[in-house]
Amino acid sequence: MDHKQLKTIASPQTRFASAVGGGDRQILSVVQNPKPGIRIGTEMTGIIAWAIAVPSLVAAAVGRGLDSVVPVSYSWAVPLVVLGLIVGCINAKEGVAREVRLMREEQGDYDG
């Protein structure tokens, strides 16, 4: 008997058992390696927003304080807010890179 004949002779229970066995492996794979959902994206967006907003707001406050203490013809707040944005963007970029590296290490496909 060849393979085709054995496949047609196999009982419905045997075919069902092999189909269910494959489904178990698929379910186990999904449970062990869940895909990131909307919650993860929302959390990451919030983290990035705070990483940029906090340095910008601190810089704005320091700039306003300098404006009231140091009498000059220009405002300290604007350049310090720009500096806070730059620092915040670098901070957010590093945070995202760290999270991506951690996710790849958990999945086992990080090369270094």
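The values are calculated or read from the model by the stated rules, or taken from the named source; none is laboratory data. Please read all numbers here as calculations on a predicted model, not as lab measurements. Glycine gets a Cβ as well: all are built from the backbone with ideal geometry, and neighbour counts include every protein chain shown.
What the table below lists for this structure:
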| item | result |
| --- | --- |
| First in the range 81-102 and assigned by TED's automatic domain parsing to the domain that holds residue 50, second anywhere and polar (S, T, N, Q) and surrounded by 15 or more Cβ atoms within 10 Å (Cβ to Cβ), Cβ under 6 Å, 6 or more apart | 81/56; 84/56; 85/56; 88/56 |
| Residue check for residue 84: on the phi > 0 side of the Ramachandran plot and not hydrophobic (A, V, I, L, M, F, W, C) | no |
| Enumerated helices (runs of 4 or more DSSP H) restricted to the chain, each holding at least 1 residues that are at pLDDT 65 or above and either out of contact with any strand residue (DSSP E or B) (no Cβ under 8 Å at 6 or more places or on another chain) or not basic (Lys, Arg) (or both) | 38-69, 77-107 |
